[in-house]
Amino acid sequence: MAETVWSTDTGEAVYRSRDPVRNLRLRVHLQRITSSNFLHYQPAAELGKDLIDLATFRPQPTASGHRPEEDEEEEIVIGWQEKLFSQFEVDLYQNETACQSPLDYQYRQEILKLENSGGKKNRRIFTYTDSDRYTNLEEHCQRMTTAASEVPSFLVERMANVRRRRQDRRGMEGGILKSRIVTWEPSEEFVRNNHVINTPLQTMHIMADLGPYKKLGYKKYEHVLCTLKVDSNGVITVKPDFTGLKGPYRIETEGEKQELWKYTIDNVSPHAQPEEEERERRVFKDLYGRHKEYLSSLVGTDFEMTGQAQHSSSSQE
């Protein structure tokens, strides 16, 4: 029997990158665990009377000739904020009366195009982007404690509001603030509105539909594989962390027939060419140089001496 080493650390990891987040690529591999995944066993040429061939327990081909195993393993490469529709969304948006917002109608048009071109490329793995209703509800309903009767505080509501803001609403990076940097006499309302960290975030969830074979499209079978958050400072938060050299993560489904799934998440973003890195280095150097000159022009070179400095100068004379 082969022992599988699972990764039990499902905490988040934080990375910082100066590259555009649109270059981010993740490879997600999902597989249902069966007896053949654990037992590397070859039956003997002649089985004893009291032994049963393991092939007896293998799933039998369906009427269409395809084995269920083909539906129980999937690997796909996903880009940042790339929308992959779930079977639930495909069934929902094919009904025009279910569309309530411009985004819903946009999804409906995309799904109809996919259906006309042969269907979507994904099956169990799908995504919720920053614009989706799931992302907003998930962030707004985050709990700070394990109490069932928890009442969100003012700070929690404010932080949830900040998380929902779009990253593209911020000003140009590196720009100079036009308003006052320091407010010497802040009002009570000013303090309430500005004591939270105002860093816009974009969120993306990589999901999996772990429903039974031929029963995809039910919300109760949806599971979060990975959550990614990126802010305007280039900080990338991944939960759980990329698999790397660690073992795969595991998910145990609930219900009458409990199933075990494993999945891995790998960063497969393309590496920058040396010429691009050198050009980027020159651009940043020139940008920082101009910013330094601009700050120097604001400060100037003429300063009034303090009273103590004037007294020392007079004493020396």
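The values are calculated or read from the model by the stated rules, or taken from the named source; none is laboratory data. Model, not experiment: these values are computed from the prediction. Don't worry about glycine lacking a Cβ; one is built from the backbone with ideal geometry, like all the others, and counts go over all protein chains shown.
On inspection, residue 206 does not qualify as at pLDDT below 65 and out of contact with any helix residue (DSSP H, G or I) (no Cβ under 7 Å at 6 or more places or on another chain). Of all the criteria given as (1) of a type in the set (Lys, Arg); (2) surrounded by 11 or more Cβ atoms within 10 Å (Cβ to Cβ); (3) at pLDDT 90 or above, the one not satisfied by residue 58 is (3).
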